[in-house]
Amino acid sequence: MKISIVTPSYNQADFLEYTIRSVLGQGYPDLEYWIMDGGSSDGSLEIIRKYESQLAGWVSKPDKGQADAINHGLRLATGEIVAWLNSDDMYAPGVFSAVARFFEANPQIGMVYGDAASFDQDGQPLNELASEDWGLAGLVAFKIICQPAVFMRRSALEEAGYLDESYHMLLDHQLWLRIAQHSPIRHVPQMWAFARHHAQAKNVAQAPRFGEEAFQVLAWMQTQPVLAEMVARDRRTVMAMVHRFNGRYLLDGGLAWPALKAYTRSLAASPRIALQEWHRIFFAGLSLVVLGRLGRIYYRAKKIRLPGSLRKLGIENIHQLYPENPTRDSDH
């Protein structure tokens with residue numbers, strides 16, 4: 001099965017080459033790879049040209065934002081399986097072959113997603129991002145899938161429609177909701193992707209906007225008959241989850257006091273839901289006292305623990321995964 005990958009990028013020269021290597025280094029024989037650059041001026045174009053012979057194509061021109069760039073690439077793509085990988089994220093080894101086998105064995109599934117891990121700007125693992133088989137009900141309750149671990153059947157994407165370009169943070173979650181209304185989605189408990197956590201990443205630099213868009217998605221769901229009925233059926237749970245989601249992103253962005261207020265609203269809606277992240281609530285409260293020093297302790301502790309859980313990959317640094325000049329291996 002042909003797999004098409006789209007990478008949107010803008011001034012990400014520090015990370016772009018690692019992303020490209022993780023795609024081309026899969027060794028998958030039927031790969032189509034597009035890079036949609038937004039007019040970078042930081043050396044990104046030199047990196048793209050280095051791998052030009054292995055790309056289906058690339059463009060570099062101003063766009064209307066990430067969703068516009070991704071949609072452009074997805075419309076150019078011709079694969080039966082499609083996905084996008086942001087220019088600071090990476091794929092785990094062997095993921096394309098695993099995805100193709102899954103879709104071949106499960107022709108009724110429209111979207112599949114695996115597990116992921118976050119890592120820092122230097123390639124050190126931070127945190128595991130395990131998912132479950134949440135289905136449409138889980139997505140309505142703001143159970144978030146790590147985007148780089150998602151692959152879609154082209155027919156399912158076209159039935160649901162492309163990314164809504166009015167979203168900038170939760171453009172992926174809103175698309176998953178639309179796909180899951182039309183096609184079954186499935187989780188595979190395998191490490192498929194790595195999401196980079198760094199100061200310029202949206203979930204750090206623009207953390208408050210994630211909560212804002214979560215409420216925008218909630219308002220949109222209430223205009224969709226099936227989704228509106230699901231929200232109404234368990235509104236307290238949904239509200240607790242959306243406030244908890246807001247708190248999580250605010251805390252990851254270093255905004256402890258706003259995070260604590262969001263968690264308080266989650267507690268008011270459903271203590272059971274909110275207290276599933278009691279450690280984050282506790283951490284947010286203590287952060288107000290020690291002025292962020294706990295953040296460094298928190299992530300340092302995760303760096304100590306996570307490499308053991310990824311030992312089967314044989315690495316402690318994600319940047320070690322792929323050679324500098326990957327080539328496709330027709331034997332895969």
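Numerical summary
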| quantity | calculated |
| --- | --- |
| Residue within the stretch 117-124 that is touching a His at 6+ places or on another chain (Cβ under 6 Å) and open to solvent by 40 Å² or more (accessible area, probe 1.4 Å) present | yes |
| Test: residue in the stretch 1-23 that is among the polar types (S, T, N, Q) and farther than 18 Å from Val82 by Cα | yes |
| Residue, farthest from Asp63 (Cα to Cα), within the stretch 27-37, restricted to residues that are open to solvent by less than 10 Å² (accessible area, probe 1.4 Å) and under 20 Å from the mean Cα position of the chain (by Cα) | Tyr33 |
| Single residue of Arg196, Arg178 found to be open to solvent by less than 40 Å² (accessible area, probe 1.4 Å) and at pLDDT 95 or above | Arg178 |
| Filtered residues of the stretch 243-280 (kept if open to solvent by less than 30 Å² (accessible area, probe 1.4 Å) and either at positive phi or of a type in the set (A, V, I, L, M) (or both)) | Leu250, Leu251, Ala256, Ala259, Ala262, Ala269, Ile273, Ala274 |
| Checklist (1) farther than 27 Å from Asp234 by Cα; (2) surrounded by 15 or more Cβ atoms within 10 Å (Cβ to Cβ); (3) within 25 Å of the chain's Cα centre (by Cα); (4) at pLDDT 65 or above applied to Pro323, failing item | (2) |
| Given (1) open to solvent by 30 Å² or more (accessible area, probe 1.4 Å); (2) part of a helix (DSSP H, G or I); (3) at pLDDT below 70, index of the condition Arg328 fails | (2) |
| Cβ-Cβ under 9 Å pairs, at least 6 apart or on other chains, the stretch 114-129 side more than 14 Å from Trp192 (Cα to Cα), far side of a type in the set (D, E, K, R) and assigned to a strand (DSSP E or B) | Asp120/Arg196; Gln121/Arg196; Gly123/Arg196 |
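The values are calculated or read from the model by the stated rules, or taken from the named source; none is laboratory data. These figures come from a predicted structure and were not determined experimentally. Cβ: placed from backbone, ideal geometry, glycine included. Neighbour counts: every protein chain shown. Heads up: the accessible areas ignore ligands, DNA and RNA and are worked out on the full protein's heavy atoms, side chains in. Shrake-Rupley method; radii C 1.70, N 1.55, O 1.52, S 1.80 Å.
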